[in-house]
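Notes follow the structure.
The values are calculated or read from the model by the stated rules, or taken from the named source; none is laboratory data. On a predicted model such as this, the values are computed, not experimentally measured, just so you know. Positions of Cβ are generated from backbone atoms using ideal geometry, with glycine treated the same way; all protein chains shown enter the neighbour counts.
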Amino acid sequence: MERGKLAIYAYILILSLFTLFFVIKQNYEFLLYTVVLGIFIFAIAKTDKIFNYSNIAKWGLTLWLFLHLSGGSFYIGQTKLYDLVLIKLIGEPYNILRYDQLIHFYCYVVITLLFFPIILSFCKKNPNKFLLGLTLTLAGLGIGAINEIIEFSTVALFGTTGVGNYTNNALDLVFNLIGAFSATMICLRKV
């Protein structure tokens, strides 16, 4: 079995186990995320033959999926993993660098790597690197904006505040941008 297909099976296993965990814990916020992620993973699996996503991107998505769902599931002491400050670079109200911010950065590196072959398929030979880079970064940010809308919808639907406040939302977008831009710089070396 090729490694790319194995990544798809790993997505399904991780998503299934966490879905069961969220059902048992009655964590409707993250249960909604598993549904959305299931749709996203289905789209990746169905379009892999068309766009030939890199194994790094597919396995990166597998790791991100586990880290993301763990962030909303597990605690270190009384602190939810997503709220854990990893390195205290900046204190209140920003609390940089938290697990949440690192995962947002990493996620949008992976998302942007996944979008690279899609966007490249629409380009002519020898595309303008600036325009390609801008489009690729904006694609990563667009998915990031959709993610933040989904997070807001969980607050509206379930009255949860597990995703944080306005400052958290804005910092998520900043770390999404840093991740998308970083991946764009990597991808442009291949053009």
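Worth pointing out:
- Among the residues of the stretch 121-154, those identified as among the charged types (D, E, K, R) and not in a helix (DSSP H, G or I) are Lys124, Lys125.
- Output for the stretch 122-154, where each listed residue is surrounded by 12 or more Cβ atoms within 10 Å (Cβ to Cβ) and among the aromatic types (Phe, Trp, Tyr): Phe152
- Residues in the stretch 155-177 that are part of a helix (DSSP H, G or I), more than 13 Å from the chain's Cα centre (by Cα) and either exposed (fewer than 13 other Cβ atoms within 10 Å of the Cβ) or at pLDDT 80 or above (or both): Ala156, Leu157, Tyr166, Thr167, Asn168, Asn169, Ala170, Leu171, Val174.
- Wholly enclosed helices (runs of 4 or more DSSP H) of the stretch 3-119 bearing at least 2 residues under 18 Å from Ile178 (Cβ atoms): 55-71
- Scanning the stretch 82-119 for residues that are more than 20 Å from Val174 (Cα to Cα) and either small (Gly, Ala, Ser) or without any contact (Cβ under 8 Å) to a residue 24 or more places away in the chain (or both) yields one hit, Ile119.
Yes or no, residue by residue, for (1) under 30 Å from Ile119 (Cα atoms); (2) surrounded by 13 or more Cβ atoms within 10 Å (Cβ to Cβ); (3) among the charged types (D, E, K, R):
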site: Asn52; (1), (2), (3): yes, no, no
site: Ala57; (1), (2), (3): yes, yes, no
site: Gly60; (1), (2), (3): yes, yes, no
site: Leu65; (1), (2), (3): yes, yes, no
site: His68; (1), (2), (3): yes, yes, no
site: Ser73; (1), (2), (3): no, yes, no
site: Lys80; (1), (2), (3): no, yes, yes
site: Asp83; (1), (2), (3): no, yes, yes
site: Gly91; (1), (2), (3): no, no, no
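- Residues that are over 22 Å from Ala156 (Cα atoms), among the aromatic types (Phe, Trp, Tyr) and surrounded by 15 or more Cβ atoms within 10 Å (Cβ to Cβ), drawn from the stretch 6-39: Tyr11, Phe18, Phe21
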